Amino acid sequence: MSPDLLAATGLLGLAGSAGGAVVGLRFRIPVVAGTTVAACACGLVTAGGVLSGGGPVTLEVGGIMPLSGFSLSLDPLGALFTAVTAVIGICAVIFSLGYHGPGLAGRPASTALPLFVTSMLLVPAASSVTTFLVLWELMALSSLILVLSDQRRRAEVQRAGEWYAAMTQAGAAAILLALVLLAGHAGGQSFAALAGHGPGMASWVRNGAFLLALVGFGSKAGMVPLHVWLPRAHPEAPGPVSALMSAAMVNLGIYGIIRVGDGLLGGGPEWWWLTVMGLGAISALFGALHSTTSTDLKRLLAYSTTDNMGLVLLGVGASGIFADTGHRALALIALVAALLHVVFHAVFKGSLFLAAASLEQGGGSRRLDDLGGLLRRMPVTGTVFLVGSLAISALPPLCGFVSEWLLLQAMLHGLPTGDVAVAVAMPLGVAVLALTGGLTAATFVKAVGIGLLGQPRSRGAVDASEVPAAMWAPSGVLALGCLALGVAPVTLVPAVLRAARVVTPAGVGDPLRHGWRLGLAGSRGVLDPVLLGLGLVAAVAVAAGARRLVQRGPVRRTAAWGCGREAQTSRMEYTATSFAEPLVRVFDDVVRPNRHLDVSHTSESRYYVESIEYHSSLDDDAFERRGYLPALAALRRWGDLARRAQNGSVHRYLAFGLVALLVVLVVVG
């Protein structure tokens with residue numbers, strides 16, 4: 001396939017960025033949107049050609065970076081991530097045409113948005129260390145500008161930007177060290193050279209590079225404990241940017257782990273992948289628990305991103321363990337399940353974040369306790385959010401069910417085994433998958449029940465109205481994708497298989513049965529999504545018909561959540577806080593909520609209570625409170641000591657130099 005479309009992707013992105021910088025306000029947004037959508041379309045066509053068997057697309061440009069050149073090579077693995085980014089990018093950019101959130105129409109944001117989308121499209125195509133790092137840093141800096149687009153009006157945005165900047169740069173430093181370590185021992189910086197020398201490198205080089213890559217890319221994927229930027233940055237970013245970050249950018253962290261661990265290093269020892277599985281399990285449980293207890297709609301969705309990326313890491317880790325223990329077919333199946341979940345997560349999380357931005361714009365708030373009754377006032381957006389909620393809860397016949405079922409099958413078929421690590425890791429993975437599934441279902445029962453149903457809890461919810469078609473149409477397309485991919489996942493399986501074979505051992509036949517059914521070769525277990533969907537439709541039809549036959553007399557209508565009461569007010573309904581309170585009590589040692597009790601006494605006597613005020617919040621999590629904040633406080637103390645040492649005295653500075661010289665002489669001697 002010709003590399004012209006790949007070059008056009010980059011050129012259109014640069015043109016869109018230039019347009020955002022120089023075009024006037026009246027035409028700025030259409031110019032930026034048009035060029036960015038065109039760049040995404042070029043990337044999607046290129047990636048589709050590669051995934052359909054057209055072979056890798058290679059582009060070499062020497063004039064951009066004279067010392068190293070600019071090298072792109074899009075293989076099926078990278079093409080899968082590029083295609084996902086292109087679809088989410090098109091939907092998010094079209095959504096921005098009707099979005100009235102703050103800051104997105106300004107010159108900085110208009111300049112950064114095309115660069116952000118284009119860099120995400122090209123990162124999976126980078127085929128050299130320098131090219132990859134340049135594109136990765138461009139993606140990080142442009143996304144930071146977008147996160148900070150409203151920082152002048154709200155202090156929370158500035159704090160979120162500070163956390164995001166610190167974590168993304170720390171992750172980039174770890175990635176830089178990993179790739180430089182590999183390039184130094186491979187004698188070249190091309191990914192082909194690294195892949196050729198990677199399996200034969202010394203164990204300390206391989207181990208060090210993998211751990212550094214896991215830290216760097218894991219921070220971008222929202223892996224616990226490197227996730228602290230995610231629940232801060234995603235809620236504060238504009239709605240379309242939140243969708244891009246959660247449905248597209250975090251995927252590139254997964255891509256980096258697979259590319260380095262399986263692609264450049266050719267796999268590794270069992271403890272690598274046990275570490276990945278362990279971190280994935282912690283991320284899945286921690287993210288699911290915090291999303292269940294969150295009352296901010298976008299913060300809830302941000303934590304659920306950590307949850308789902310944890311499930312993907314479970315699949316990647318299981319694939320590595322199976323490959324190391326000789327189960328090559330299971331290794332391929334586990335990686336296919338992980339990549340399928342990457343695709344499906346992008347689809348349903350993109351629809352959820354875009355719908356959440358519409359609910360915020362229509363209802364005037366993103367706090368669940370301020371919403372209510374929005375399904376009636378915003379029926380299209382509410383339906384889109386409902387479909388996304390069912391998909392992320394892994395309910396059939398939607399797409400989330402398919403990838404989690406396949407991941408479950410891969411881990412179950414790893415047993416029985418004589419390998420102790422597999423015998424321990426796989427049952428724990430199954431348990432994590434089951435527990436997170438229950439917590440996710442509780443999360444979105446809360447989100448839908450509190451935010452969309454019941455009575456409105458604020459004036460903004462009472463006055464809410466449906467958003468323009470430019471906003472609900474892109475999120476609706478993604479919601480339809482949840483249904484289409486859930487009913488016919490086999491249309492996507494061959495492309496995902498082709499992507500997974502790039503980094504898995506060769507010589508493995510097709511481990512999945514196709515047709516309209518999906519199953520494992522040599523296994524009785526099979527999933528027939530079409531039959532399952534038809535069965536659900538038939539069950540609903542039978543239930544509706546039976547209700548009409550049994551019903552006698554007129555239907556009595558009453559308020560939702562009325563519990564038989566005639567006079568119902570919003571104060572009688574569950575709030576998001578009270579809904580999650582039982583789980584907060586059960587997992588109190590994990591979530592550690594901030595509690596405040598204020599008792600006011602009467603002026604006549606302190607024995608008589610006038611009012612009691614109780615407040616519970618989950619503004620930060622245990623890792624932030626117990627790990628990052630004490631570390632930052634210690635750094636501040638060291639900084640204060642360092643400033644005291646710099647008092648302007650020449651004699652003191654000469655003494656410092658003398659002490660340093662003596663230390664160097666002692667060490668060298």
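The values are calculated or read from the model by the stated rules, or taken from the named source; none is laboratory data. Source: prediction; values computed, not measured. Virtual Cβ from ideal backbone geometry, glycine too; neighbours counted across all protein chains shown.
Filter the range 247-279 for residues that are among the polar types (S, T, N, Q) and either in a loop (DSSP other than H, G, I, E, B) or touching a Gly at 6+ places or on another chain (Cβ under 8 Å) (or both) and give the result. Can you show your working first?
Kept after step one, since they are among the polar types (S, T, N, Q), are these residues of the range 247-279: 251, 275.
Within the range 247-279, 275 is the sole residue that qualifies.
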Subset of the range 1-48, residues surrounded by fewer than 16 Cβ atoms within 10 Å (Cβ to Cβ) and in contact with a helix residue (DSSP H, G or I) (Cβ under 6 Å, 6 or more places away or on another chain), comes to 21
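Name the residues in the range 369-388 that are under 21 Å from the mean Cα position of the chain (by Cα) and within 11 Å of residue 448 (Cβ to Cβ), would you? Talk me through it step by step, then tell me what you get.
Going through the range 369-388, the residues under 21 Å from the mean Cα position of the chain (by Cα) turn out to be 384-388.
The answer is 385, 386, 387, 388.
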Scan the range 257-269 and give yes if some residue there is within 17 Å of the chain's Cα centre (by Cα), touching a residue at least 40 places away in the same chain (Cβ under 8 Å) and crowded, with 24+ Cβ neighbours inside 10 Å, otherwise no. yes
Any residue in the range 428-450 that is modelled with pLDDT under 90 and in a loop (DSSP other than H, G, I, E, B)? no
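Among the residues of the range 565-585, which ones are crowded, with 17+ Cβ neighbours inside 10 Å, at pLDDT 75 or above and assigned to a loop (DSSP other than H, G, I, E, B)?
Those that are crowded, with 17+ Cβ neighbours inside 10 Å, at pLDDT 75 or above and assigned to a loop (DSSP other than H, G, I, E, B): 573, 575.
Taking the criterion of being more than 15 Å from residue 439 (Cβ to Cβ), surrounded by fewer than 24 Cβ atoms within 10 Å (Cβ to Cβ) and modelled with pLDDT of 90 or more, would at least one residue in the range 278-288 satisfy it? Can you show your working first?
Taking the range 278-288 and keeping what is more than 15 Å from residue 439 (Cβ to Cβ), we get 278-280.
After this cut, where a residue has to be surrounded by fewer than 24 Cβ atoms within 10 Å (Cβ to Cβ) as well, the list is 278-279.
Keeping just the survivors that are modelled with pLDDT of 90 or more gives 278-279.
The answer is yes, given that some residue of the range 278-288 is more than 15 Å from residue 439 (Cβ to Cβ), surrounded by fewer than 24 Cβ atoms within 10 Å (Cβ to Cβ) and modelled with pLDDT of 90 or more.
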Positions within the range 412-426 being touching a helix residue (DSSP H, G or I) at 6+ places or on another chain (Cβ under 8 Å), surrounded by fewer than 17 Cβ atoms within 10 Å (Cβ to Cβ) and part of a helix (DSSP H, G or I), in sequence order: 412, 421
Mind checking whether some residue in the range 458-468 is touching a strand residue (DSSP E or B) at 6+ places or on another chain (Cβ under 9 Å), on the phi < 0 side of the Ramachandran plot and touching a residue at least 12 places away in the same chain (Cβ under 8 Å)? yes
Would you check if residue 83 is at pLDDT 90 or above and in contact with a Gly (Cβ under 7 Å, 6 or more places away or on another chain)? yes
Matching helices (runs of 4 or more DSSP H) fully within the range 123-220 where at least 2 residues are surrounded by fewer than 23 Cβ atoms within 10 Å (Cβ to Cβ) and at pLDDT below 90: 155-186, 191-197
Looking at (1) in contact with a Phe, Trp or Tyr (Cβ under 8 Å, 6 or more places away or on another chain); (2) closer than 16 Å to residue 258 by Cα, which one does residue 167 not meet, given that it meets all the others? (2)
